[in-house]
Amino acid sequence: MEGRREQIGAFMNRSILLIDDDADTLELISTLLHQKLQTFTALNLDEAFEILKKEFVDVVVCDINLGKENGFQLIEVLKNNLLEIPFIIVSGDVDPEKEERAKKLGALAILEKPFHYESLLEIINKKLDPIERFKASKAARRNSNLRAVA
């Protein structure tokens with residue numbers, strides 16, 4: 001799926017990478033958000049890594065359960081490569097163990113599916129200030145080659 005650009009208001013110049021193995025969910029969220037954010041979508045971790053190698057994103061929204069893959073794997077790779085990209089975890093089955101792991105990894109939030117897209121926008125607006133964007137941008141440009149965790 002292709003990223004779209006139409007930015008307005010408080011979200012001007014912000015971009016988001018949405019990762020979910022359910023194409024319908026991705027399309028719905030992307031459609032709702034594309035008027036406010038530049039959106040990139042990925043159905044799996046390989047697609048996500050390819051986008052992250054080419055594009056700067058302000059925030060990653062990643063499902064935990066991605067078929068055979070796990071969204072936490074992506075976050076760990078980002079952390080291991082010193083990419084300080086803020087992220088939000090989503091899941092249809094949030095439990096205390098997942099919440100704890102998300103907090104330890106530094107998640108901005110963990111949202112339980114189904115969630116209202118305005119909740120996601122509110123988190124992004126409150127948590128992503130210009131200082132965080134600068135840090136993420138600097139780290140992303142310095143470390144443009146992602147290396148997978150062995």
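Table for the structure above
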quantity: From the options 124, 89, 131, residue that is modelled with pLDDT of 85 or more and either within 14 Å of the chain's Cα centre (by Cα) or at negative phi (or both); calculated: 89
quantity: Test: residue in region 30-38 that is of a type in the set (A, V, I, L, M, F, W, C), more than 30 Å from residue 100 (Cα to Cα), at pLDDT below 90 and in contact with a strand residue (DSSP E or B) (Cβ under 8 Å, 6 or more places away or on another chain); calculated: no
quantity: Breaking point among (1) under 16 Å from residue 20 (Cα atoms); (2) surrounded by fewer than 17 Cβ atoms within 10 Å (Cβ to Cβ), for residue 97; calculated: (1)
quantity: Output for region 104-118, where each listed residue is in a helix (DSSP H, G or I) and surrounded by 12 or more Cβ atoms within 10 Å (Cβ to Cβ); calculated: 105, 117
quantity: Cross-chain or 6+ apart pairs with Cβ under 7 Å, region 101-118 first and under 16 Å from residue 20 (Cβ atoms), then of a type in the set (A, V, I, L, M) and assigned to a loop (DSSP other than H, G, I, E, B); calculated: 110/94; 112/94
quantity: Qualifying residue in region 47-63 (condition: at positive phi and assigned to a loop (DSSP other than H, G, I, E, B)); calculated: no
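The values are calculated or read from the model by the stated rules, or taken from the named source; none is laboratory data. All values derive from a computational prediction rather than experimental measurement. Using ideal geometry, Cβ is built from the backbone for each residue, glycine included, and neighbour counts are taken over all protein chains shown.
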